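Peer 1: First the structure, which I've put down as C-alpha cells, then a few questions once you've had a look.
The values are calculated or read from the model by the stated rules, or taken from the named source; none is laboratory data. Predicted, not measured: the structure shown is a model, and the values here were computed from it. Please note: Cβ atoms are built from the backbone with ideal geometry, for glycine as well, and neighbour counts cover all protein chains shown.
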Amino acid sequence: MKDILMDAIREYNKYRYPEIEANIVDIKDNTFVVEFFGYLCRSCGLYDHFEDLIYILEEKGIKAEIKDVKRFIVEENDRINVVYLVEYKIKDD
C-alpha cells in the first residue's frame, strides 16, 4: 500500500505543485495522514484539494475517505503559512 500511496502523492503533486504540495506524514494499518501546504484558501473549494487525492487513489485501486482535518499556522522566515493535516481512512469495500 505504501508504494501506491507514494505514487498517488507524486501524481497529485505533478499537477498541483507549486500552488499546493502534498506529503505523506504517517501510515498506520488502515489510515494515513497527508500534509497539504501552499496557496490554500479557506473557501468552499478547500476540501476539493483533499478529495482530489481520493480520486487518484481510486484509479489505483484504493478506496479512501477523509476521517479528520486539522489546520495549523506555521511561521518560518518571517512568513506565515497554513498547513493542513488530513487523515484518510482506507475503506474495506
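Peer 1: Does segment 37-54 contain at least one residue that is in a strand (DSSP E or B), more than 13 Å from LEU5 (Cα to Cα) and either touching a Ser or Thr at 6+ places or on another chain (Cβ under 6 Å) or at pLDDT 95 or above (or both)?
Peer 2: Scanning segment 37-54, I find no residue that is in a strand (DSSP E or B), more than 13 Å from LEU5 (Cα to Cα) and either touching a Ser or Thr at 6+ places or on another chain (Cβ under 6 Å) or at pLDDT 95 or above (or both), so the answer is no.
Peer 1: Residue by residue through segment 54-76, note down the ones that are small (Gly, Ala, Ser) and closer than 13 Å to THR31 by Cβ.
Peer 2: Once the filter is applied, which keeps residues that are small (Gly, Ala, Ser) and closer than 13 Å to THR31 by Cβ, segment 54-76 yields only ALA64.
Peer 1: List the pairs whose first member sits in segment 3-30 and is surrounded by 13 or more Cβ atoms within 10 Å (Cβ to Cβ), whose second member is assigned to a helix (DSSP H, G or I) and charged (D, E, K, R), and whose Cβ atoms are under 8 Å apart, counting only residues at least 6 apart or on separate chains?
Peer 2: Close Cβ pairs satisfying both conditions: TYR12/ASP52; ARG16/ASP52; ALA22/ARG16; ILE27/LYS2.
Peer 1: If you don't mind, another one. I need the full set of residues from segment 31-81 which are touching a residue at least 12 places away in the same chain (Cβ under 8 Å) and of a type in the set (S, T, N, Q), in order please.
Peer 2: Result: THR31, ASN81.
Peer 1: When you go through VAL82, VAL86, VAL74 one by one, which is the residue that is modelled with pLDDT of 95 or more and either among the β-branched types (Val, Ile, Thr) or not in a strand (DSSP E or B) (or both)?
Peer 2: After ruling out the rest, the residue left standing is VAL86.
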